[in-house]
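Trainee: Structure provided below as structure tokens; questions to follow.
The values are calculated or read from the model by the stated rules, or taken from the named source; none is laboratory data. Since this is a predicted model, take the numbers as computed values, not measurements. As a convention, Cβ positions derive from the backbone with ideal geometry for all residues, glycine included, and neighbour counts pool all protein chains shown.
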Amino acid sequence: MTEKYLIPRIVIAAPHGRSGKTTITLGLLRAYTKKGIKVQSFKKGPDYIDPSWHTKVTGTLCRNLDCYMMDDETLKKSFIKGTQKSTLSIIEGAMGLHDGFDLDGTGSTAQVAKIIKAPVIFVVDTRRMTRSVAPLVMGFQQFDKDVEIAGVILNQVARSRHEKILRGSIEKYCGIPVIGAIPKDSNMTIPDRHLGLIPAHEDEKHHQSIEYIANSIQQNVDLDLLMRIAKNAKPLEVLIPVNNNNLSDKNIKIGVIRDRAFSFYYPENLEALEEFGAELIYIDSLNDTNLPDIDGLYIGGGFPEVFAEELENNATLRKQIKDKAERGLPIYAECGGLMYLGQKIITDRNHYDMVGIFPFVVRMEDKPQGHGYTRLIVNNPNPFFKDLGLIIRGHEFHNSRILNLDSSAASFAFRVERGSGIDGLADGITYKNVLATYNHIHSLSSPQWAQGFLELVKGVKVNG
């Protein structure tokens with residue numbers, strides 16, 4: 001039995017990265033929101049930072065669609081579930097339209113577009129180009145005819161004569177409309193750092209950039225035509241109805257450190273904990289001096305190195321976390337959370353004290369130390385994943401590396417088959433009921449995680 005869903009939607013894609021997808025996506029999201037249209041945004045692939053901006057400009061949580069961490073049906077159901085309260089869905093692609101992690105384009109924006117049957121709006125950086133834009137677009141039209149390129153947005157257009165030749169070439173040779181032309185403008189930018197854009201919540205002054213971008217989109221893009229294209233998207237079918245029921249009975253309290261230093265959380269991970277019976281208690285590691293009454297603690301990724309001095313200054317909270325860990329508090333930490341639970345963070349020539357649960361020091365480097373998708377195997381007993389041999393698909397992206405760790409004496413939960421992990425061979429260092437890993441998981445890929453977390457917490461409560 002299948003059910004059909006009519007969902008207005010578009011994918012924003014490009015021939016290559018740095019074409020302006022994120023800037024134009026944010027401008028579109030803000031422009032439609034200002035018109036009173038309820039927009040649900042999605043980001044293709046593993047990413048926390050771009051989604052933080054999507055969420056900020058729409059007021060609705062951005063969600064991720066990832067072909068590596070989700071099978072086709074799971075991705076489609078996740079997309080449908082996320083769109084139920086919106087009028088329009090906009091999916092921002094990543095890299096070039098057909099760029100995946102193998103020769104078949106597995107995990108590409110094109111694959112996502114085909115799974116959810118979404119028309120593609122193609123963003124082309126037109127610097128140093130005129131009539132050649134037509135064969136470029138035609139090549140993408142012909143490369144995979146199952147991907148519907150429904151329109152083009154020209155970016156970095158120099159002047160009116162430039163725009164006229166570009167528009168004419170595409171309309172004559174490609175047979176699809178030019179939906180907008182964005183002029184060259186140095187103000188159409190968002191500040192970034194080593195892992196991409198600066199997260200949206202860090203500095204309110206950056207939000208002025210979004211308003212500027214949105215105004216340019218309103219002036220230079222045919223928003224009505226774009227909406228008509230989105231509404232012409234084909235119906236989506238799923239094998240079973242999407243389940244929107246929340247099964248939570250709120251009898252477990254899980255602390256979530258969520259602030260400027262730790263902000264990398266997939267919405268589905270937090271929702272999964274709630275659906276398994278958790279009440280989430282949010283904690284600010286920079287300003288909260290006391291740990292609330294909680295049964296478990298979840299520390300996501302982020303930029304603890306940027307806020308290392310403030311984290312060090314909050315010694316009371318750090319001590320309470322360490323004391324609770326020694327008494328058996330279940331703690332799950334990813335990437336930035338792992339860094340926080342070590343002895344120190346070293347940035348340039350500065351050393352900052354951290355929680356100190358694990359006997360290692362973390363040093364920031366100039367280049368990524370782990371970057372891309374991961375494949376881990378649960379090969380040792382640990383508090384969170386009981387099934388030995390379980391495959392965990394995730395991703396890592398960090399510029400830090402661990403020093404002073406005796407890997408032969410440490411206890412690890414995972415063997416690394418793809419990725420870097422903690423030492424190239426293992427990831428998921430454990431101590432009592434604490435597991436810290438460089439790997440980021442998504443609950444739709446690893447549903448055992450939330451269930452294992454809550455079962456551990458319940459066991460500790462019963463036996464504690």
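Trainee: If you go through the stretch 248-293, how many residues are within 18 Å of Thr55 (Cβ to Cβ) and either of a type in the set (Lys, Arg) or outside the structural domain of Ala325 (by TED's automatic domain parsing) (or both)?
Mentor: Residues meeting the conditions: 2.
Trainee: Check every one of the strands (runs of 3 or more DSSP E) wholly within the stretch 1-80 and list those with 2 or more residues that are in the same structural domain as Lys117 (by TED's automatic domain parsing) and crowded, with 21+ Cβ neighbours inside 10 Å.
Mentor: Where strands (runs of 3 or more DSSP E) fall fully within the stretch 1-80 and carry at least 2 residues being in the same structural domain as Lys117 (by TED's automatic domain parsing) and crowded, with 21+ Cβ neighbours inside 10 Å, they are 9-13, 39-44, 63-65.
Trainee: Is at least one residue of the stretch 325-336 over 21 Å from the mean Cα position of the chain (by Cα) and part of a strand (DSSP E or B)?
Mentor: yes
Trainee: For the stretch 421-464, which residues satisfy the criterion of being assigned to a strand (DSSP E or B), farther than 12 Å from Asn269 by Cα and under 23 Å from the mean Cα position of the chain (by Cα)?
Mentor: Asp427, Gly428, Leu435, Ala436, Thr437 - these are the residues of the stretch 421-464 that are assigned to a strand (DSSP E or B), farther than 12 Å from Asn269 by Cα and under 23 Å from the mean Cα position of the chain (by Cα).
Trainee: Going by the conditions given, is Ala134 within 22 Å of Arg9 (Cα to Cα) and either assigned by TED's automatic domain parsing to the domain that holds Gly36 or free of Cβ contacts under 8 Å to residues at least 40 places away in the same chain (or both)?
Mentor: no
Trainee: Please pick out the residue among Ile429, Ile392, Ile377 that is more than 18 Å from Ile357 (Cβ to Cβ), assigned by TED's automatic domain parsing to the domain that holds Lys324 and either without any contact (Cβ under 8 Å) to a residue 12 or more places away in the chain or surrounded by 21 or more Cβ atoms within 10 Å (Cβ to Cβ) (or both).
Mentor: Going through Ile429, Ile392, Ile377 in turn, just one is more than 18 Å from Ile357 (Cβ to Cβ), assigned by TED's automatic domain parsing to the domain that holds Lys324 and either without any contact (Cβ under 8 Å) to a residue 12 or more places away in the chain or surrounded by 21 or more Cβ atoms within 10 Å (Cβ to Cβ) (or both): Ile392.
Trainee: Same structure, new question: Taking the criterion of being assigned to a loop (DSSP other than H, G, I, E, B), surrounded by 21 or more Cβ atoms within 10 Å (Cβ to Cβ) and either on the phi < 0 side of the Ramachandran plot or free of Cβ contacts under 8 Å to residues at least 24 places away in the same chain (or both), would at least one residue in the stretch 399-420 satisfy it?
Mentor: No, there is no match, as no residue in the stretch 399-420 is assigned to a loop (DSSP other than H, G, I, E, B), surrounded by 21 or more Cβ atoms within 10 Å (Cβ to Cβ) and either on the phi < 0 side of the Ramachandran plot or free of Cβ contacts under 8 Å to residues at least 24 places away in the same chain (or both).
Trainee: Further question on the same structure: Within the stretch 279-311, take every residue that is part of a loop (DSSP other than H, G, I, E, B) and among the aromatic types (Phe, Trp, Tyr) and give me the one that is nearest to Trp449 (Cα to Cα).
Mentor: Phe303
Trainee: Just the residues that are more than 20 Å from Tyr48 (Cβ to Cβ), of a type in the set (D, E, K, R) and at pLDDT 95 or above, please, taken from the stretch 332-364.
Mentor: Once the filter is applied, which keeps residues that are more than 20 Å from Tyr48 (Cβ to Cβ), of a type in the set (D, E, K, R) and at pLDDT 95 or above, the stretch 332-364 yields Lys344, Asp353, Arg363.
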